[in-house]
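One structure below.
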Amino acid sequence: MSSTDDGMNSDLLAARAEAAALFAAASRNDQAGATAQLHCLAAATALRTPSGPVPATADATDPDRLVEQALRILGNLPAADFAHPDVLAAAQHGHRALRAPR
């Protein structure tokens, strides 16, 4: 593995961790409905990465904005990384969370 591969791998892990943290914050947000919270929790879990701590200010953010931000992070991944089954599953759960009633 070259140093470039290591850099891309750490970038991918960082993107997954950031998206997982945002999904986790949305899953515990009181403004989100129960169905949306479950989809966000499933999305965070699907990424199979420990999420970093989420600032407390994220809890006050509209849960839809958190999910949109997480989806934007995943959508900016290179196609080969986005096509990974767990990333696709997280994106699908995130999309369902946005469509869920509050």
> Of all residues in the range 30-48, which are buried (at least 20 other Cβ atoms within 10 Å of the Cβ) and either in a loop (DSSP other than H, G, I, E, B) or touching a strand residue (DSSP E or B) at 6+ places or on another chain (Cβ under 8 Å) (or both)?
Replying inline: 32, 47
> Restricting the search to the range 29-70, which residues are modelled with pLDDT of 95 or more and farther than 20 Å from residue 91 by Cβ?
Replying inline: 34
>> So the check is Cβ under 7 Å with 6+ separation or different chains; which pairs have a first residue in the range 11-31 that's closer than 12 Å to residue 70 by Cα and a second one that's among the hydroxyl-bearing types (Ser, Thr, Tyr) and outside any helix (DSSP H, G or I)?
In response: 16/49; 17/49; 17/51; 20/49; 20/51; 21/51; 24/51
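The values are calculated or read from the model by the stated rules, or taken from the named source; none is laboratory data. No experiment lies behind these values; they were computed from the predicted model shown. Counting neighbours? That spans all protein chains shown, and the Cβs are built from the backbone with ideal geometry, glycine included.
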